Structure formats: structure tokens, C-alpha cells
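Please treat every number below as a calculation from the coordinates, not as lab data. None of the values given here were measured: they were computed from a predicted structure. Cβ coordinates were reconstructed from backbone atoms using ideal geometry, including for glycine residues, and neighbour counts include every protein chain displayed.
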Amino acid sequence: MPIFTGALIAMMGKDPEKEIPLFEVRKRISKLTGKYATYKNISKGSVVDKNGQLYLESKMGDIETSYPLIPETPTMENYRFHVVPLPGGRIPVEFTVDESGKVDMYIERNRYHRIGD
């Protein structure tokens with residue numbers, strides 16, 4: 001349905017990405033997905049898209065974790081999220097995207113650089 005609606009909006013001379021929020025959200029999701037690592041690869045993780053929901057995944061030894069990234073706003077325009085690793089806990093996760101497309105992820109005091117897809 002969004003593709004049909006997008007085609008109809010384009011035929012009307014408007015930009016579908018500006019008129020349909022879902023298209024902009026999908027674009028933001030694709031910017032953030034990928035593999036991340038801290039300085040000297042001390043800590044690694046991935047941001048994956050599971051049916052339109054971003055998840056923060058990591059593996060330390062035999063322990064694998066996967067937490068949904070809960071956006072601060074429905075359209076993710078500020079790239080601010082949080083995870084809830086324990087009942088009652090809430091850890092902020094923020095992404096920055098610069099003009100060149102470089103993406104960094106901040107989890108508490110840790111800075112992760114996007115290193116690949």
C-alpha cells in the first residue's frame with residue numbers, strides 16, 4: 001500500500017519521502033543498521049532491522065543479547081532510543097549521522113563507530 005500511495009503522490013508532483021512518514025523512517029532505519037565497534041574493537045555489536053524494528057545485538061563469549069531499540073519519537077528524527085535490559089532499567093542509546101554519512105552510536109559513555117553492514 002505505501003508503494004502505491006507513493007507512486008500516486010509522485011504523479012501529483014510531490015516528494016513521497018516528505019509526504020509519507022514511513023518512507024523517511026525506512027531511510028533512517030537503513031542508515032543505522034550495521035556492525036559497530038568501540039576504539040580498537042574492544043566492544044562490538046550490531047544494529048539489525050527486524051520487520052521495521054531496530055534491535056541492538058551483541059555477543060560476549062557464549063552470551064548473546066538482543067534488545068529492541070525503542071525510539072524516543074515515532075519517526076526517529078532525532079536518532080534517540082533506549083533499551084530496557086532489566087525490568088525497571090532504561091539505558092539511553094543515541095546515534096549521530098554526519099554530512100558524509102558516518103554514523104556513531106553512543107551507549108552511556110561508550111562511543112561505537114559503524115564499521116560495516
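A few notes on this one:
- Chymotrypsin sites (Phe, Trp or Tyr not before Pro) lying in DSSP loop within the range 18-69, provided at most 14 other Cβ fall within 10 Å: none
- Restriction of the trypsin sites (Lys or Arg not before Pro) in the range 55-113 to DSSP coil positions whose beta-carbon has at most 12 other beta-carbons within 10 angstrom yields 90, 102, 109.
- For the pair residue 50 and residue 66, label points projected 7 Å from Cα toward Cβ lie 0.4 nm apart.
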